[in-house]
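The values are calculated or read from the model by the stated rules, or taken from the named source; none is laboratory data. As the structure is a prediction and not an experimental result, all values here were calculated from the model. FYI the Cβ positions are ideal-geometry reconstructions off the backbone, even for glycines, and counts take in every protein chain you see.
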Amino acid sequence: MLPLASSVELATGTFLLLTLVGGVAFGVVLERAGFGSGCKLTAVFYGYDMSVVKVMFTAIVTAMAGLWLLASIGVIDMQEIYIVPTNYTAQLVGGLVFGAGFVIGGYCPGTAVVACAAGRTDAWVFALGILAGIAFYAWFMSGVEQWIRANAIDDVTLPSLTGIAAGWWVALFVFLLALAAWGMGIAERAFARLKPVR
Amino acid sequence: MATSIADRRVVHPVERPAQPYWNPYLAGFALGLVLLGGYLLLGRGLGATGAFSALAAWVASLVSPESAAANPVHARYLDHGPPLLDYVPILVLGTLIGGGVSAWLAGRMRLGVESGPGVSRGARLALAFAGGILAAIGAKIALGCTSGQALSGAAVLNAGSLVFMGAVFASGYLVAFLFRKEWL
């Protein structure tokens, strides 16, 4: 029964070694997708290169379909999967602030790590900004943190919220991905002229 | 002063132009398999901000162990062994290694600053720093970033993660219009 870490008692070293290997794979895939480049990442917001949405959406649907398939044949126990607690206000406000930071900074935290490894000075400065932001949050916003945690609910998913089975949601997301792929092709042609000449 | 990344190439073992990126849908499929692998083996999705949080908590604990342990933001990373020998920090260490090796092999290792053609190096670095601060505060408030919330959460149909992702893109498109001179 999966996940492995729930059915087998992994030694800390084994767990961290598997984690490290997973991290290497994460870094390779992000870099090969072009996500070590701030210009490529922010291009999604100007429409001439929608790679960020293409990659993220496909990844989400792939993992979602895989989890659903494995759960429905009883290979994985979804109760053992960690799900980030839900606080709608926090996730709405946090998302708005984060989106601004993404565009202004040119990276998100994970892609900044890849860009740092690829030698980008602006990514190192962005990473320093992340540390400064966390220090600021810890100093001045620990009351906010306590409110967010105290008002977060565990395991709020679309199936648990609506009673509509996960399989229907997977089908909906596959359909939305196909629709988005079609729309993004049109957007890229319409906004191609925005691509800066370097 | 335009800063072109292309003329700041690092000496590379094989002199050749950068390889093309993977097809985005194939790259997304591969990323989905990495995420799925994380869930199947370790029961957890991907993350990135947690590594910075652990690093910040560790530094704070070196400066003042008492005040770091008393801070509710830092304490979460200090109450179960060495903060940097944990899931997300080790994952991000791997990401750094994998990203570096991949960039090197693809001929994409470049020392330099990335920005649109009309932005000075100093302005771009100041904006990168400001963006890092905002991204960190946003991720702390939302309990996750693009990796931990958008990617890992949406794959398990987490309602809050989908709200987060909608908010990121709504704000991203608005701010991108306001800051179009930085990138276009």
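Here are some notes:
- Single residue of A:LEU17, A:LEU10 found to be farther than 19 Å from A:PHE102 by Cα, assigned to a loop (DSSP other than H, G, I, E, B) and more than 7 Å from every other protein chain (Cβ to nearest Cβ): A:LEU10
- Within region B:1-39, tally of residues that are out of contact with any helix residue (DSSP H, G or I) (no Cβ under 7 Å at 6 or more places or on another chain) and either at pLDDT 95 or above or closer than 30 Å to A:ALA180 by Cα (or both): 5
- Going through (1) crowded, with 21+ Cβ neighbours inside 10 Å; (2) within 7 Å of chain A (Cβ to nearest Cβ); (3) over 16 Å from the mean Cα position of the chain (by Cα) one by one, B:LEU40 falls short only on (1).
- Inter-residue pairs, beta-carbon under 8 Å, first without any contact (Cβ under 8 Å) to a residue 40 or more places away in the chain and in region A:110-123, second in a helix (DSSP H, G or I) and of a type in the set (Phe, Trp, Tyr), 6+ apart: A:ALA112/A:PHE126; A:CYS116/A:TRP124
- Residues of region A:47-71 satisfying the condition of being within 17 Å of A:ILE186 (Cβ to Cβ) and in contact (Cβ under 8 Å) with a residue 40 or more places away in the chain: A:GLY47, A:TYR48, A:ASP49, A:MET50, A:VAL53, A:LYS54, A:PHE57
- Of all residues making up region A:28-53, the number that are surrounded by 24 or more Cβ atoms within 10 Å (Cβ to Cβ), under 13 Å from the mean Cα position of the chain (by Cα) and in a helix (DSSP H, G or I): 2
- When region A:58-92 is filtered for residues that are buried (at least 20 other Cβ atoms within 10 Å of the Cβ) and farther than 30 Å from A:MET1 by Cβ, the ones remaining, listed by number, are A:ASN87, A:ALA90, A:GLN91.
- Scanning region A:72-88 for residues that are assigned to a helix (DSSP H, G or I) and either within 7 Å of another protein chain (Cβ to nearest Cβ) or in contact (Cβ under 8 Å) with a residue 40 or more places away in the chain (or both) turns up A:SER72, A:GLU80, A:TYR88.
- Being within 18 Å of the chain's Cα centre (by Cα) and over 18 Å from A:GLY105 (Cβ atoms) is a description that does not apply to B:ALA70.
- Condition check for B:ALA155: touching a residue at least 24 places away in the same chain (Cβ under 8 Å) and under 20 Å from B:VAL175 (Cα atoms): no
- Cross-chain or 6+ apart pairs with Cβ under 7 Å, region A:140-152 first and at negative phi, then surrounded by fewer than 16 Cβ atoms within 10 Å (Cβ to Cβ): A:SER142/B:PRO72; A:GLU145/B:PRO72; A:GLN146/B:PRO72
- Considering residues of region A:119-166 that are assigned to a helix (DSSP H, G or I) and among the charged types (D, E, K, R) only, the residue farthest from A:LEU41 (Cα to Cα): A:ARG149
- For A:VAL170, the criteria (1) within 22 Å of A:LEU67 (Cβ to Cβ); (2) at the interface with chain B (Cβ under 7 Å from one of its Cβ atoms); (3) not charged (D, E, K, R) hold in every case but one, which is (2).
- All conditions in (1) hydroxyl-bearing (Ser, Thr, Tyr); (2) surrounded by fewer than 24 Cβ atoms within 10 Å (Cβ to Cβ); (3) facing chain A (nearest Cβ under 7 Å) hold for B:SER61, with the sole exception of (3).
- Residue selected from region A:145-157 under the condition surrounded by fewer than 17 Cβ atoms within 10 Å (Cβ to Cβ) and either facing another protein chain (nearest Cβ under 7 Å) or among the β-branched types (Val, Ile, Thr) (or both), by the criterion nearest to the chain's Cα centre (by Cα): A:ILE153
- When residues of region B:137-161 are limited to those that are within 12 Å of the chain's Cα centre (by Cα) and outside any helix (DSSP H, G or I), the one farthest from A:CYS108 (Cα to Cα): B:GLY144
- Residue check, A:GLY74 of a type in the set (Gly, Ala, Ser) and modelled with pLDDT under 95: yes
- The numbered conditions (1) at the interface with chain A (Cβ under 7 Å from one of its Cβ atoms); (2) surrounded by fewer than 19 Cβ atoms within 10 Å (Cβ to Cβ); (3) modelled with pLDDT under 95; (4) closer than 29 Å to B:LEU36 by Cβ are all true for B:GLY112 except (4).
- Checking B:LEU143 against (1) outside the structural domain of B:ALA54 (by TED's automatic domain parsing); (2) more than 30 Å from A:THR89 (Cα to Cα), the condition it does not meet: (2)
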